[in-house]
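Right, one structure below, let's go through it.
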Amino acid sequence: MTRSASLLILAALPAQDATAQQSAAYVPTDSAIAAAAAAVVQNADRCVAVWPGYWHAGKPFGLTRREDRSVFVHLAAPHPDFTPVPQSQLPDVLRGAFYVRRAPAGEFRPTDIFYRIGEVRVPVLRPYSPTLRHNVELVYHEAFHAHQDERFAPLPGGRAAFGSASAAVALAVPPAEFEALARAERQVLAAALSASSPDSLRSLLRSYLQLRARRTAMAPDAQPFEQWEERIEGTAEFVGASCAALATDGDREQARGRLRAALAKDAPALAGGRPSKWRAYAVGAALSMLLDDLRVPDWRAAVESGAALDDLLAHAVSGR
């Protein structure tokens, strides 16, 4: 490992790891990696409006094939640790700006997603699916966490503010009523994403907020945890799904169907996992899209400053 190009070790990222478990046998080809990179680069300008200040043309990112330790990066300028990918193997949009390096054995770990190239911290992800949209969404989602590190206000009190041990137990093994209400909330959110009129939308959102208030009253110490995860993972899911829809379908509305399908799924029961964290991906993304539907002014800036998505939604629905 060189001093100028090295991996940063981060906490595990369940969204990527869980899906990767389902596609563990998939090994991305050079052409699949190039196709995903080209889709991201070619549609950079279209992604800007999804979350202003996040993505931009020329933003560095990378894709890796861990089976042979290849690290492919999109960079505006060459770096001595990397060699250019032959232009004959690349789509036009990548030519002159796509490089590869064979990483030393043992450099990769399942929790690595950022690569330090000189002074630049670059997200480097492993494509996990033969479906282009999945791999493009992965790039946009995980790279958004770097934006959050720079722009989002931290949780007051750190993760210790997530509450008592009893709340943690409620999150890990929720009672049947708690889970039933959470499922009902997701069903109402899915319906809201397809609301036929502004009045119908607001009626559905009032129902959602009532269900949510009833459930959170069962485990009030869990609320800061849920709001935090929705704010972090939910907004990343919203950005990833929206940008990937633009990059692969040309239609941001395709993300709406993707989120409705995600809301229909129950949280996976993984050993040692926190089901509520898994809910936060789809719920937070849906709340983000609905804030856009309601045209709430400056809601993204409010989220970056620390506001909870459900609180913003409640204020918007009440008209306060």
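Of everything listed in (1) free of Cβ contacts under 8 Å to residues at least 60 places away in the same chain; (2) among the β-branched types (Val, Ile, Thr); (3) within 24 Å of GLY250 (Cα to Cα), the single unmet condition for VAL40 is (1). Being surrounded by fewer than 13 Cβ atoms within 10 Å (Cβ to Cβ) and either out of contact with any Ser or Thr (no Cβ under 7 Å at 6 or more places or on another chain) or modelled with pLDDT of 80 or more (or both) is a property that holds for VAL173. Considering only residues in the range 179-227 that are in a helix (DSSP H, G or I), among the small types (Gly, Ala, Ser) and at pLDDT below 95, the one that is farthest from LEU309 (Cα to Cα) turns out to be ALA180. Remark: pairs (first residue in the range 74-91, aromatic (Phe, Trp, Tyr); second residue part of a loop (DSSP other than H, G, I, E, B); Cβ separation under 8 Å; 6+ apart in sequence or on different chains) = PHE82/LEU75.
When the test is whether a residue is assigned to a helix (DSSP H, G or I), among the basic types (Lys, Arg) and touching a helix residue (DSSP H, G or I) at 6+ places or on another chain (Cβ under 9 Å), ARG133 passes it. Filter the range 293-306 down to the residues that are surrounded by 15 or more Cβ atoms within 10 Å (Cβ to Cβ) and without any contact (Cβ under 8 Å) to a residue 60 or more places away in the chain, then identify the one that is farthest from TYR281 (Cα to Cα). Among those residues, the one meeting the criterion is VAL296. Scanning the range 191-236 for residues that are farther than 28 Å from VAL139 by Cβ and charged (D, E, K, R) turns up ASP199, ARG202, ARG206, ARG212, ARG214, ARG215, ASP221.
In the range 205-226, the qualifying residues are those that are crowded, with 21+ Cβ neighbours inside 10 Å and not charged (D, E, K, R), and the one that is nearest to the chain's Cα centre (by Cα) is PHE225. Go through the range 74-94 and count every residue that is in contact with a Ser or Thr (Cβ under 9 Å, 6 or more places away or on another chain) and either modelled with pLDDT of 90 or more or farther than 19 Å from ALA32 by Cβ (or both). Qualifying residue count, the range 74-94: 3.
Give the number of residues within the range 50-86 that are outside any strand (DSSP E or B) and either touching a helix residue (DSSP H, G or I) at 6+ places or on another chain (Cβ under 8 Å) or loosely packed, with under 12 Cβ neighbours inside 10 Å (or both). The number of residues fulfilling the criteria is 17. Out of the residues in the range 280-292 that are touching a residue at least 60 places away in the same chain (Cβ under 8 Å) and not β-branched (Val, Ile, Thr), which is surrounded by the fewest Cβ atoms within 10 Å (Cβ to Cβ)? The residue in question is MET289. Number of residues in the range 12-43 that are modelled with pLDDT under 90 and either part of a helix (DSSP H, G or I) or of a type in the set (Gly, Ala, Ser) (or both): the value is 13.
The values are calculated or read from the model by the stated rules, or taken from the named source; none is laboratory data. Keep in mind that this is a model prediction, so the values were computed, not measured. With ideal geometry, Cβ positions are generated from the backbone for all residues, glycine too; neighbour counts draw on all protein chains shown.
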